[in-house]
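Below is one structure, written out as structure tokens, with a few remarks after it.
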Amino acid sequence: MAKKALISGVTGQDGSYLAELLLSKGYEVHGVIRRSSSFNTDRIEHLYQDPHVHGVKLFLHYGDLSDGASLQHLLHDLQPDEIYHLGAQSHVRVSFDIPEYTGDITALGTTRLLEAIRECCPKARFYQASSSEMYGLVQAVPQREDTPFYPRSPYGAAKVYSYWMTVNYRESYGLHATNGILFNHKSPRRGETFVTRKVTRAIARIKAGLQQDLFMGNLEAKRDWGYAPEYVEAMWLMLQQEKGDDFVVATGETHSVQEFIEEAFACAKLDWKQHVKIDPRYYRPAEVDLLIGDASKAKRLLGWQPKTTFKNLVRIMVQADDDLLAAQLSGKHVRA
Ligand code: NAP
Ligand code: F7E
């Protein structure tokens, strides 16, 4: 019988790539979607066809991380083998504006899900989307599984809470529960307000004459950026291990926001200095200056390593936004 997986956050960047990966491996995939006044399934539309007609085994269910009962009902009915918890209020800058909501969804949402697992399907394997933002004001370089956390935002603090709840449910109740501590990863499906996508989307619009300036915040921050489709592969590998554990997933290379901008504008043969302006509104009350991960444990135990180089990744994103805008302008909307 096909394995059954449940994904929270299936409509997000990672959720969409993970759904693709699991379907390609023959899983029956169930995704939690939340009610929204506009369509929020754009990233998975290409996967979602009537299962009775096309045989694609993707099923979507309404639920919300703020609603424990909806999670309990889902797990009770579905009895999944694997649960990938990717749902979150995931924007760091926004978490300073809505700290209470971020705590409710990104922190307590995890406890609601863990409680539902304990109650309804304790044999299910659980993946927690932990983040390099937990290292914040870094205590060591590079960051590894045993590097102490020092979060610098409500988002980072909420993820530290979820990390420890995952460890606690593993130790207290014997759940197969795993933290993937993923460093930044991106793709053409990255949300439009994260820095990399904001830049590549703006470049396409500047080239098309639709905008002239790009307003940015801190250009000096450094991030370890990988390619999202490779990172969801690591999530899957983690849940194939005999026991729950914690793994850093990163490229081991770091680049500043300015380097990303320079590379991306160069791909489009534009001079970034002519277009990029600084707007203090995009600065954060506290910044994470430098992130660089050491994924040697993932390499050793999972056989995982990054493949796509920084330059290639920038090129993929610039090209994809160019193609997307061209399709939109010609009336043919396509998703990367
Ligand atoms: P994303 O694109 O922002 O997706 C977040 C997902 O969570 C969306 O499907 C969103 O639904 C859903 N969601 C938000 N609030 C919810 C709620 N109240 N109830 C149910 N679902 C809710 O994030 P991502 O980049 O794919 O990241 C996936 C996970 O990894 C997140 O937990 C993120 O914090 C974490 N993470 C990301 C990175 C990275 O670089 N991408 C690195 C480390 C960790 P809507 O589509 O309806 O908004
Ligand atoms: O910012 C700087 C900003 O918003 C990266 C999430 O997926 O990765 C992501 O969080 C850097 C920061 O991502 C702008 O100050 C400059 O230093 O793209 P970002 P993030 O904060 O690193 C982690 C691992 C997660 O877990 C999160 O869920 O870029 N920056 N100017 C800017 N950032 C934005 N968004 N917009 C700017 O104009």
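Summary of values
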| item | result |
| --- | --- |
| Whole-number accessible area per residue in Å² for the chain, which is evaluated in the context of all protein chains at 1.4 Å | 46 Å² |
| Accessible surface of the chain [probe 1.4 Å, protein heavy atoms]: carbon and sulfur percent | 50 percent |
| Helical contribution to [θ] at 222 nm, DSSP H n ≥ 4, -39,500 (n - 2.57), averaged over the chain, rounded to 500 | -12000 deg cm²/dmol |
| ³J(HN,Hα), Karplus 6.51/-1.76/1.60, whole Hz, each residue of the stretch 28-42, x for Gly, Pro | 8, 10, 10, x, 8, 10, 9, 5, 9, 7, 10, 4, 10, 10, 3 |
| Volume per residue that the Cα convex hull of the stretch 36-136 spans, once the total is divided by residue count, Å³ | 139 Å³ |
| Extreme residue, positive dipole direction of the stretch 20-177, given options 101, 137, 89 (C-beta unit charges) | 137 |
| 5 angstrom amide H check on residue 185, placed H, neighbours 5+ away | 226 |
| Hydrodynamic radius by Kirkwood, which averages 1/r over all alpha carbon pairs of the stretch 263-336, in angstrom | 16.3 Å |
| Distance between the stretch 156-182 and the stretch 217-231 - C-alpha centres, whole angstrom | 24 Å |
| Placed amide H near residue 222: partners under 5 Å, 5+ positions off or other chain | 290, 291 |
| Sequence ranges 162-168, 237-243, ranked by mean other-Cβ count within 10 angstrom, highest first | 162-168, 237-243 |
| Filtered trypsin sites (Lys or Arg not before Pro), the stretch 1-110: DSSP coil and at most 12 other beta carbons within 10 Å | 25, 35 |
| Debye, to nearest 20: dipole size of the stretch 157-297, +1 on Lys, Arg Cβ, -1 on Asp, Glu Cβ | 660 debye |
| Vicinal HN-Hα couplings computed from phi for the stretch 13-22 (Karplus, 6.51 cos²θ - 1.76 cosθ + 1.60; Hz; Gly/Pro x) | 3, 5, x, 5, 5, 5, 4, 4, 4, 5 |
| C-alpha center-to-center spacing [the stretch 41-118, the stretch 280-336] in angstrom | 23 Å |
| Long-range HN-HN contacts of residue 215 with modeled amide H, under 5 Å | 277 |
| Percent breakdown of C-alpha pair distances by 10 Å bin, ordered from the shortest bin, for the chain | 6, 25, 35, 25, 9, 1 |
| Signed unit charges on C-beta, dipole axis of the stretch 218-336, positive-most listed residue 288, 306, 254 | 306 |
| Table column - 3J(HN,Hα) (Hz), the stretch 139-148, Karplus curve with 6.51, -1.76, 1.60, x for Gly and Pro | 9, 7, 10, x, 8, 10, 4, 9, 6, x |
| Qualifying GluC sites (Glu not before Pro) in the stretch 2-86, DSSP loop, other Cβ atoms within 10 Å at most 16 | 45 |
| Charge dipole magnitude, Cβ of K and R +1, D and E -1 - the chain, Cα centre, debye nearest 20 | 540 debye |
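The values are calculated or read from the model by the stated rules, or taken from the named source; none is laboratory data. Values in this document were obtained by computation on a predicted structure and should not be read as measured data. Glycine also receives a Cβ, built like all others from the backbone with ideal geometry; neighbour counts cover every protein chain displayed. Heads up: the accessible areas ignore ligands, DNA and RNA and are worked out on the full protein's heavy atoms, side chains in. Shrake-Rupley method; radii C 1.70, N 1.55, O 1.52, S 1.80 Å.
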